[in-house]
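The values are calculated or read from the model by the stated rules, or taken from the named source; none is laboratory data. Because the structure is a prediction, the values reported are computed rather than measured. Glycine gets a Cβ as well: all are built from the backbone with ideal geometry, and neighbour counts include every protein chain shown.
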Amino acid sequence: MKRLDIGALLMAMERAKLWRMKSNVILVTIDCLRADHLSCYGYERKTTPFIDFFASKGMMFENAFANGPFTVASFPSILASAYPLEFHNLLPLSQDATLISEVLQKKGIRTAAIHSNPYLSAFYGYNRGWNYFQDFLYSTSNRILKRDYIKQSIVRHLPQRILKLCESKVLHKLKVFLGLEYSPYVDAETITRYAIAWLNRNKKHPFFLWVHYMDLHEPYWISDIKFEQRYSREVSRLSRVKILNNVLNRKWSSKSIRDVIDVYDDKLYYIDKCIKRLFHFLDSEGLIENTIIILTADHGQEFLDHGHFGHIARFYDELLHIPLIIFGSSIERQADRRLVSLLDIAPTILSFYDITMPDDYRGHNLISNPTNTFVISEAPHNEKGVYISGHRIFPSTIRTYAIRTENWKLICQEKHGKLYNLELYNLEKDPKETKNVLEKEKEKTEELRSIIEQHILWEKKMRSASKEKLQRRIRKLRTQFISTRSNRPSRTHTCSSKNHSVILLHRGLIIKVGFRSLRSPA
């Protein structure tokens, strides 16, 4: 008689319960998508006809904000309901962060992630808890390796003068003009194709799928025939070279910015068509009735709104105001004006599976109608507003915070425990954030400053606890290693094949590497 596996039985019962509840969730995130470029959020161009349709049938949050202004600062909030500065570093992802995929996988739900953002790759620890994790890192790396090999072969036979030209900006511009520059990211069509293929294989099981589209991200000077040129018909090859030139020199003309926005809007329309294709598949397979779809963005994109281009550590609404739409047969149709953030996404997803959220999740379940009185956004960065991957967060690291209520926003920087460069905006009277009223509204400044200071103290405690936890983990591993060495049997003269594992500590990330080795006689 076979021995009863209680653990397997409980897991099977859990899966059966979930399947009876008909719980499936698809999370769609779009890199660099600012809310004010979607038609359903008031944009004058019809950039998102299909997203508009399902927004009209679901729950659309008008006041949703990112907890960080760039990808590595916002995704801990999306996938782990954590503040980015809770941990000692953003990359690699802290092992103290509990990814929603880890929670769901333990409950027997099939999980999949499909994207091509290198900062969210397996290399940085974002592959935890996924049954299927496709970050296209190998194919991209392989292509770069091949390109470098070909380049080195050619270089050996070129005169020095041509060599210098090849390494210069001139060649880069020439490649853009000739349409030879390739995109560093996988396009939305490919991401959608992979998503549909995975869904087709797993449609008979409870699942959670996350797809992330990169098409709105720079570079905008690359010629891409995949998207329809509705607004960017006049963006010629020469215009693309000028866009590249503006990026390299950090000097922008109004014409180039208009060209960039035209390309951006066309790419958004292209993504919208790919999302429509994903919906059509769900509908054709009878999955639309038991699947919740959540659409959002990690951050927005600045087009000189406050004098800058792109997305660095700046905390105005062109970077922080993001769309958030929840669609499903059980979702009440409404336009929701509550103040919400990316922290609330993971707890809301867990609620659809009737799973209690972990104690270290900071957000709320949006379906149970909680009210946030404020949203805090934050990021560590250098003097140029950029976070360097792998850099730990020290007291000397510049940290910028923004606290937003319904009508006010305070932005400040912190270093060595001191707040400086404060900005206060009355969002009701000044939604474009152009007038700093810090001196006129001292009482409001002190009120918001006090909340930020308490938040900073709390995060310092969290980082300290995280450091102690890591040190305990290292001590435990060291003890295990010493114990293993002391209990090692005496050497013999027979060869034996044995499985080994090595514990590596890399920038605070503990990695267990398994391998097979052959031990020979001494």
Exercise for review: Residues being more than 26 Å from residue 404 (Cα to Cα) and among the small types (Gly, Ala, Ser): count how many of those fall in the stretch 326-350.
Suggested key: 3
**Study point:** Selection from the stretch 408-426 of residues that are over 26 Å from the mean Cα position of the chain (by Cα), without any contact (Cβ under 8 Å) to a residue 24 or more places away in the chain and at negative phi
**Key:** 418, 420, 423, 425, 426
Review point. Are any residues in the stretch 61-71 over 11 Å from residue 312 (Cα atoms), buried (at least 24 other Cβ atoms within 10 Å of the Cβ) and in contact with a Phe, Trp or Tyr (Cβ under 8 Å, 6 or more places away or on another chain), and if so, which ones?
Key: 67
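Okay, residues lined up against (1) surrounded by fewer than 22 Cβ atoms within 10 Å (Cβ to Cβ); (2) farther than 26 Å from residue 39 by Cβ; (3) of a type in the set (Ser, Thr, Tyr):
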residue	(1), (2), (3)
73	no, yes, no
76	no, yes, no
79	no, yes, no
82	no, yes, no
85	no, yes, no
108	yes, yes, no
112	no, yes, no
115	no, no, no
Point to revise | Selection count, the stretch 186-214, where residues are farther than 22 Å from residue 128 by Cα, within 19 Å of the chain's Cα centre (by Cα) and not in a helix (DSSP H, G or I) | key: 1
**Study point:** So residue 261, is it within 19 Å of the chain's Cα centre (by Cα), within 30 Å of residue 248 (Cα to Cα) and assigned to a helix (DSSP H, G or I)
**Key:** no
Check your understanding: Filtering the stretch 30-50 down to residues that are among the acidic types (Asp, Glu) and part of a loop (DSSP other than H, G, I, E, B), which residue is farthest from residue 316 (Cα to Cα)?
Key -> 44
Study note, to complete from the structure: Being touching a Ser or Thr at 6+ places or on another chain (Cβ under 8 Å) and either modelled with pLDDT under 95 or of a type in the set (Gly, Ala, Ser) (or both) narrows 483, 466 down to just 466
Study note, to complete from the structure: The correct count of residues that are within 25 Å of residue 54 (Cβ to Cβ), hydrophobic (A, V, I, L, M, F, W, C) and touching an Asp or Glu at 6+ places or on another chain (Cβ under 7 Å) in the stretch 224-272 is 2
Check your understanding: Do we find a residue being within 22 Å of residue 263 (Cβ to Cβ) and touching a residue at least 40 places away in the same chain (Cβ under 8 Å) anywhere in the stretch 329-338?
Key -> no
Check your understanding: So which residues in the stretch 342-363 are in contact with a helix residue (DSSP H, G or I) (Cβ under 7 Å, 6 or more places away or on another chain) and either modelled with pLDDT under 95 or more than 16 Å from residue 61 (Cβ to Cβ) (or both), if there are any at all?
Key -> 350, 353, 354, 355, 357, 358, 361, 362
Revision key, fill the gap. Residue 67 passes all but one of the listed conditions (1) within 17 Å of residue 365 (Cα to Cα); (2) of a type outside the set (A, V, I, L, M); (3) not in a loop (DSSP other than H, G, I, E, B); the exception is number (3)
Practice item. Name the single residue, out of those in the stretch 312-327 being touching a helix residue (DSSP H, G or I) at 6+ places or on another chain (Cβ under 7 Å) and assigned to a loop (DSSP other than H, G, I, E, B), that is nearest to residue 72 (Cα to Cα). Key: 322
Study note, to complete from the structure: Sole miss for residue 412 among (1) assigned to a strand (DSSP E or B); (2) at pLDDT below 95 is condition (2)
Practice item. Return yes when residue 248 is in contact with a helix residue (DSSP H, G or I) (Cβ under 8 Å, 6 or more places away or on another chain) and at pLDDT below 90 and no when it is not. Key: yes
Revision key, fill the gap. Within the stretch 192-244, of all residues that are within 30 Å of residue 289 (Cβ to Cβ) and of a type in the set (Ser, Thr, Tyr), the one surrounded by the fewest Cβ atoms within 10 Å (Cβ to Cβ) is 194
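A quick yes/no check of all residues on (1) within 27 Å of the chain's Cα centre (by Cα); (2) over 16 Å from residue 189 (Cα atoms); (3) not aliphatic (A, V, I, L, M):
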{"site": "216", "(1), (2), (3)": "yes, no, no"}
{"site": "221", "(1), (2), (3)": "yes, yes, yes"}
{"site": "238", "(1), (2), (3)": "no, yes, no"}
{"site": "242", "(1), (2), (3)": "no, yes, yes"}
{"site": "247", "(1), (2), (3)": "yes, yes, no"}
{"site": "256", "(1), (2), (3)": "no, yes, yes"}
Practice item. For the stretch 51-59, indicate whether the set of residues that are small (Gly, Ala, Ser), out of contact with any Ser or Thr (no Cβ under 7 Å at 6 or more places or on another chain) and part of a helix (DSSP H, G or I) is non-empty. Key: yes
Review point. If only one of 282, 238 is in a helix (DSSP H, G or I), over 16 Å from residue 303 (Cα atoms) and modelled with pLDDT of 85 or more, which one is it?
Key: 282
